[in-house]
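Derivation of every value follows stated rules applied to the coordinates shown; laboratory data play no part. For clarity, every value in this text was computed on a predicted model and none was experimentally measured. Heads up, the Cβs are rebuilt from the backbone with ideal geometry, glycines too, and the neighbour counts pull from every protein chain shown.
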Amino acid sequence: MLLALALLLCAAASAAPVVAGPVGMVVREYTDPSRPNWRTSGHRPVLTVVWYPAAAGAPTTIDWSKAPSPFAESFVKIPLAPDAAVSASRPRYPIVLLSHGATSTPWSLIWLGVYLASHGYIAAAVAHHGDTGYEGQPLPQGFVLMSERAKDMSVAIDHLLADPKFGERIDPKRIGAAGHSSGGETVIALAGGMFDPANMRKYCEERPKSAFCVASPEIRENLRRFEDLKKKDRSLAELYERQNESYRDPRIRAVVALAPAVGPAFNRAGLDSVRIPVSIVVGDADTITPADEHAQHYAKLIRGAKLTVIPHAGHMIFGGECTAEGRKKLAVLCDDGPLVDRREVLRSVASSALAFFNASLGVLARQ
């Protein structure tokens, strides 16, 4: 772990003021008319969960989750003020877009979104159509077409800047993004990194026994199903062929990637155009996206990227704080082992992310 960096970030975070008042939450059912809904004949959904500084005195509740069992009782509920007015303590707020991991949901990043909101940010987590458990069974199109995730984030920014509740309250010059796993890849793409499936093929030809290349049965099945769909739908084939283009969004000024995935899809040339501040965080016990193939690969090739390695932490630690029931019923998501205090790790990561965004977006200088 880069101890000097960690100490610096914690010191900066301790100087950031906590907003007086509760954290609000709204769910926006945005859509993108330029892209299809793969489940129906409608437009692509870009559902976005927004956490924000709420007006003082707004009533809070923990009865806001509609998640099915066992998820509903497996993660710690945070008191929120649904649909509350935005706090008038500041005219505008910086915003951070959040991108969940493959097959996950926007609420998996509530621990980060609420922390940022409690310190003067708007945080908006996007559900990636076809690759989110929020919709039920994920689709192979959503799993394979990584570029569609980056487009979702840009569309969400468009909608938020035009939103009657948030548009005038967002500082358009202070926009950041953070993501976990596939969401980590998403924010690196938004920063200018160019994903290329050809890089993955070359990597696995040279290292066929690497952890990345020995795909799980679920991954192999998704790839097989996508190949079948691609043969029948030329639009999917065209999207796949355009994945190696740039999906940089110049409005985004800094990104945090938590255990970012698919590192081998990016080579030096594909990451050379990343010129904004990038912070990468990973656990040294991550067996899903091992640091050497992913986080360290990004950190080595992205100019000026900062890498933090958390001792004993695995991949799922960034999925939220679990209850005792969750640790019992969803061990694959919640069991970190005896050497890890998930609550403390998430608090530390959120604090460091806040300090990174404050410094990178120039937030502290305005306070």
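Here are a few things to note about the model shown:
- Pairwise centroid distance, computed over Cα atoms, of the stretch 230-256 with the stretch 184-207, Å: 12
- On the basis of the beta-carbon distance and an R0 of 41 Å, Leu223 and Arg90 show a calculated FRET efficiency of 0.30.
- Point-to-point label distance, Lys231-His312, nm (Cα→Cβ direction, 7 Å offset): 5.0
- Dipole of the chain, positive end: most advanced residue of Leu112, Leu271, Gly283 [Cβ charges, Cα centre]: Leu271
- Relative to the dominant Cα principal axis of the chain, helix 197-206 is inclined by about 60°.
- Sequence-distant contacts, meaning Cα pairs under 8 Å at least 6 residues apart, place the relative contact order of the stretch 276-317 at 56 percent.
- Overall dimensions of the stretch 3-366 as given by Cα atoms, namely Rg and Dmax in Å: 19.3, 60
- Charge dipole of the chain (Cα centre as origin; +1 on each Lys and Arg Cβ, -1 on each Asp and Glu Cβ, all else neutral): 640 debye, rounded to the nearest 20.
- 22 Å Cα cut-off, lysine pairs counted over the chain (separation 8 or more, or different chains): 10
- Trypsin sites (Lys or Arg not before Pro) restricted to the stretch 257-330 and DSSP loop, no more than 13 other C-beta within 10 Å: Arg275, Arg303
- Distances between placed amide hydrogens fall under 5 Å for Asp32 paired with Arg44, Val46, all partners being 5 or more residues away or on another chain.
- CD proxy at 222 nm, helix term only [per DSSP H run n ≥ 4: -39500 (n - 2.57); per residue of the chain; nearest 500]: -10000 deg cm²/dmol
- Asp272 versus Arg39: modelled label distance in nm, points set 7 Å from Cα along the beta carbon direction: 4.2
- Summary of packing: across the peptides 353-363, 103-113, 214-224, the per-residue average of other C-beta atoms within 10 Å ranks them, highest first, as 103-113, 353-363, 214-224.
- Taking every alpha-carbon pair under 8 Å whose residues sit at least 6 apart, the stretch 3-366 reaches a relative contact order of 18 percent.
- Across the stretch 207-220, coupling constants 3J(HN,Hα) worked out from phi with the 6.51/-1.76/1.60 Karplus curve, θ = phi - 60°, read 9, x, 9, 5, 4, 5, 8, 8, 5, 5, x, 5, 5, 4 Hz, and Gly and Pro carry x.
- Inter-label distance for Val332 and Lys173, nm, one decimal - labels placed 7 Å from Cα along Cα-to-Cβ: 4.8
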